[in-house]
Each structure stands twice: as structure tokens, then as C-alpha cells.
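Working notes, beginning with the structure itself.
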Amino acid sequence: MQPVIDRNCSVPDECTSLSPMALIWQDILAQAMTGELVAAMNYTALSKICDDSAEVADALEHAEGEQAHAARFAAEGRKIGVDVPNNGGAKHWKRLREAFMRRIGERDFIGCLIVQEIMLESFAVASYARVGKVAPGSLGKTFASIAAEEEEHIEHALTILRAERTLDAQRFDDKVHGLHLEVMTTLAEMLARECRHGHCEVCQASCVKPSLPYVSLSAAELRGVSLHQYLKTLDTLGVPGEVTLAWVSQLPV
């Protein structure tokens, strides 16, 4: 059974010139590329509130790395004959970016790390790793490789955040919960069964989620592995599992 090629495309010539699978991978790559470019902007902004020169250098290095990831995704798109778009102003990504920038405005370095490294990177690591297992050829290798690199970002941040939590565990956990409500709600909506609030503004035509089974993926599976990675990361930080499970159970599905 073949996926529906049309997907409400407004440019018929483009629709018919691309294979159905290429259209699906184009949207998957678009979401990933947008996330990488948002991350690059986040790290650049973070560098401006760092007091230590080593932290500034580290943030800028991460920004450069995210830009490189975006370039690699764009290159993979060209290999399959598609231009990979990105839209950091799309509704979900805009809300995630705004949440991060509120922490920048407050000069909340720890809050920035929680949003970018614990929440956004958990979704990136888990979803990229899953895509890497099913994507063909170099596309799969690129997703898997970038997932491994993003996991290194998480490990670096965990050292800082674990030390912060030892100072006042309850205050730290309360901060994580507040950011969870603000950020994880949006991330969960991105991988919900249905786009209840309209088009995501990243997919090129209609939502790609119904077509994911044609490339051996599903929104439910990507959501599941991402939330598992998030819970595992919080567990590593020391936030009680019975608490974080309750948080996750209340996210939109």
C-alpha cells in the first residue's frame, strides 16, 4: 500500500516530481533542522548571559555544533532530491523559543540549561536515535550520529545541574516543574495524536504524522521514546520518579 502523495499540496508540479517517501522524509528533516537552528539561537543567546569566559566559549561551541547539524540535515535532503525548509517562527517552535528567551531575560542560566539540555535535547536524542534505526543509508547514519552528539550535551549539563540541585533540592525541583508545564506541554502537543490547534507550520502540506507508518515510524512511538529519555534524564538528576511520572501523565495526548 502506498501513502497518499497529494497531502493537499498547493504546488502540483512539485508534488508529482517527488516520490512519496521523499515527501515524508522532507517533513521529518524539516522538523529536525528547525530544532537544530532554534538550538543554535538558544546557545548564542545563552553565551550573552554567561559570566565565565569558559561558559561563553562552551555555549558558542554548542551553537556552532547545532548549526553544523542543521547543515548536515540539509545535505541529506539534497541527496534525496528535496530542499529542507525550516521555520523557527512556526507555532510550536516559537513558543519553545519564547520560553527559553524568558529565562535569558531573567539571566537564569540554570533555567536555560533545563529547557535546552534536559527538555529539548531529550526529545532530540530519543527521536533522532529512533529515526536513525529506520531511515535508509546515510540518512539513518546522520540521524544516529547527531543523536549521539546531542547526548553528549546532556551529559555535560547534568554535571552542572546535579551540583545545583544539591544546594536546594526542593527549590530546584519546583523550578523544573514550572518549566515542565511551560515547555513539555508544547513538546507533547507536537507529538500528540492529532494537531488540535491546526497546522504546525513546518510540514510542507498536511501533517506528516499520518504518513509516518510508511517509513516505519509513528508519532506515538516517537513521543514514547522521547518521554522515556526525559524521565531517565530527570531520574539521573535525582528528581523523584514518582513525582516526574505524575508530571508526564498529565501532558496532552
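Extension gain for the segment Glu106 to Arg193, taken as residue separation times 0.36 nm less the Cα-Cα distance, is 27.9 nm to one decimal. Couplings 3J(HN,Hα) for the range 188-197, derived from phi with the Karplus relation 6.51 cos²θ - 1.76 cosθ + 1.60 (θ = phi - 60°), are 5, 5, 4, 10, 5, 4, 10, 7, 5, 10 Hz, where x marks Gly and Pro.
Considering helices alone, the calculated mean residue ellipticity of the chain at 222 nm is -22500 deg cm²/dmol, with DSSP H runs of length four and up weighted by -39500 (n - 2.57) and normalised per residue. Gain on full extension, evaluated as 0.36 nm per residue between Asp235 and Glu98 minus their Cα-Cα distance, stands at 46.7 nm.
Charging the Cβ of each Asp and Glu at -1 and of each Lys and Arg at +1, and nothing else, the dipole of the range 133-253 about its Cα centre rounds to 360 debye. Basic side chains Lys and Arg get +1 at the Cβ, acidic Asp and Glu get -1 at the Cβ, and with that the dipole of the chain about its Cα centre reaches some 740 debye. Think of the chain as having a plus end and a minus end, set by charges on the Cβ of Lys, Arg, Asp and Glu; of Gly137, Trp25, Leu181, Trp25 sits farthest toward the positive end of this dipole.
Figure legend: label point modelled 7 angstrom from the Cα of Ala54 along Cα→Cβ; residues of the range 147-184 with amide N under 20 Å from it are 152-167. The figure for Cys207 is an accessible area of roughly 40 square angstrom, using a 1.4 Å probe on the protein chains alone. Among the GluC sites (Glu not before Pro) found in the range 136-212, those both in a DSSP coil and sparsely packed, with 14 or fewer other Cβ atoms within 10 Å of their Cβ, are Glu194, Glu201.
Here the range 97-154 has an Rg and Dmax of 13.9, 44 Å, counting Cα atoms alone.
The angle separating the long axis of helix 219-237 from the principal Cα axis of greatest extent in the chain is about 20 degrees. What value does the chain have for Rg/Rh, both radii from Cα atoms and Rh as Kirkwood defines it? My calculation puts Rg/Rh at 0.97. Counting 0.36 nm for each residue step from Ala169 to Ala220 and taking away their Cα separation leaves a gain of 15.1 nm. Estimated from the Cβ-Cβ distance and a Förster radius of 30 angstrom, the FRET efficiency linking Ser206 and Ala75 is about 0.70. Beyond 23 Å between alpha-carbons counts as too far, so tell me which of Lys48/Lys141; Lys94/Lys232; Lys94/Lys175 fall in that bin. In this structure, Lys48/Lys141; Lys94/Lys232 exceed 23 Å between Cα atoms. Looking at the range 148-220, the trypsin sites (Lys or Arg not before Pro) that sit in a DSSP loop and have at most 16 other Cβ atoms within 10 Å of their own Cβ are Arg193, Arg196.
What the phi angles of the range 84-100 give under the Karplus curve with 6.51, -1.76 and 1.60, with θ = phi - 60°, is a coupling list of 8, x, 8, 8, x, x, 4, 3, 6, 5, 5, 5, 5, 5, 5, 4, 5 Hz, glycine and proline written as x.
The values are calculated or read from the model by the stated rules, or taken from the named source; none is laboratory data. Source: prediction; values computed, not measured. For neighbour counting, all protein chains shown are included, and Cβ atoms are generated from backbone atoms with ideal geometry for every residue, glycine included. These accessible areas exclude ligands, DNA and RNA; they are computed on the full protein's heavy atoms, side chains included. Shrake-Rupley method; radii C 1.70, N 1.55, O 1.52, S 1.80 Å.
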